[in-house]
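Undergrad: Before I ask anything, let me first share the structure, which is written out below as structure tokens.
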Amino acid sequence: MSATGVIVAVGLLLYGVHRLALHAEARGWIHYRKAGRGGTLGNALLEVHSILEPQQKHVVEERKRESAEERESGDPPNPGDRALEVSRRLEQTFADPVVRERVRSQLMTYGQERWENEPDRVRLAILKLAEGEEARIARDAKTDYRDVLMWAEYPREGAALWTAKSRLSAEEEKKLAALRAEDRRDYDEWRKP
């Protein structure tokens, strides 16, 4: 078998595994691409995906970090809370019902596509970034969700370009942890009713 044949065979095998994982997720056997983070096979495939598509590495790291934060907090994740929070924020931010409904429909454009992850979390982040300006909602709604989450939830870390280095010194790790703690504290304060 030639090198081209091997490459094609490996590609077809990976595509078959991907389709199998999608089927298993549709049956509720694993969490692969849509909801949740608990499936071992899904996480393993996500790791493989990050090797094949390096831009996905950030997603893998973010999910690991969020999973660690959820374990540390002791609170079980409740996606329904964010949906209620989005509605509450809409009412607080946009007093005019006509404007509020227009903003709600713009927000709902995010999450319609299969690849648009964590819709309620991203919608909440969009509301935070918009700071009451209706025009910013539509622009942010179709921006890469990872950027929207970084700008809304971790603005100090996002502005500190040194944090993107692949290897940080022990002192830099401490600074990064402090930045993340400040960002999290500010975001949690903003989220309070």
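The values are calculated or read from the model by the stated rules, or taken from the named source; none is laboratory data. What you see is a predicted model; the values in this text were computed from it and never measured. No Cβ is skipped: glycine too gets one built from the backbone with ideal geometry, and neighbour counts run over all protein chains shown.
Undergrad: From the list GLU91, GLU101, GLU172, GLU131, exactly one residue is surrounded by 14 or more Cβ atoms within 10 Å (Cβ to Cβ) and among the acidic types (Asp, Glu). Which is it?
TA: So the residue among GLU91, GLU101, GLU172, GLU131 that is surrounded by 14 or more Cβ atoms within 10 Å (Cβ to Cβ) and among the acidic types (Asp, Glu) is GLU172.
Undergrad: I'd like to check something: does the stretch 157-165 contain any residue that is part of a loop (DSSP other than H, G, I, E, B) and without any contact (Cβ under 8 Å) to a residue 12 or more places away in the chain?
TA: Scanning the stretch 157-165, I find at least one residue that is part of a loop (DSSP other than H, G, I, E, B) and without any contact (Cβ under 8 Å) to a residue 12 or more places away in the chain, so the answer is yes.
Undergrad: In this structure, does ARG100 turn out to be assigned to a helix (DSSP H, G or I), at pLDDT 85 or above and more than 18 Å from the chain's Cα centre (by Cα)?
TA: yes
Undergrad: Same structure again: What number goes with the only condition from (1) over 18 Å from the mean Cα position of the chain (by Cα); (2) closer than 24 Å to ASP81 by Cα; (3) loosely packed, with under 14 Cβ neighbours inside 10 Å that GLU113 does not pass?
TA: Among (1) over 18 Å from the mean Cα position of the chain (by Cα); (2) closer than 24 Å to ASP81 by Cα; (3) loosely packed, with under 14 Cβ neighbours inside 10 Å, GLU113 violates only (1).
Undergrad: Could you tell me how many of the residues in the stretch 176-193 are surrounded by 10 or more Cβ atoms within 10 Å (Cβ to Cβ), touching a residue at least 12 places away in the same chain (Cβ under 8 Å) and of a type outside the set (Asp, Glu)?
TA: Adding up the residues that qualify gives 7.
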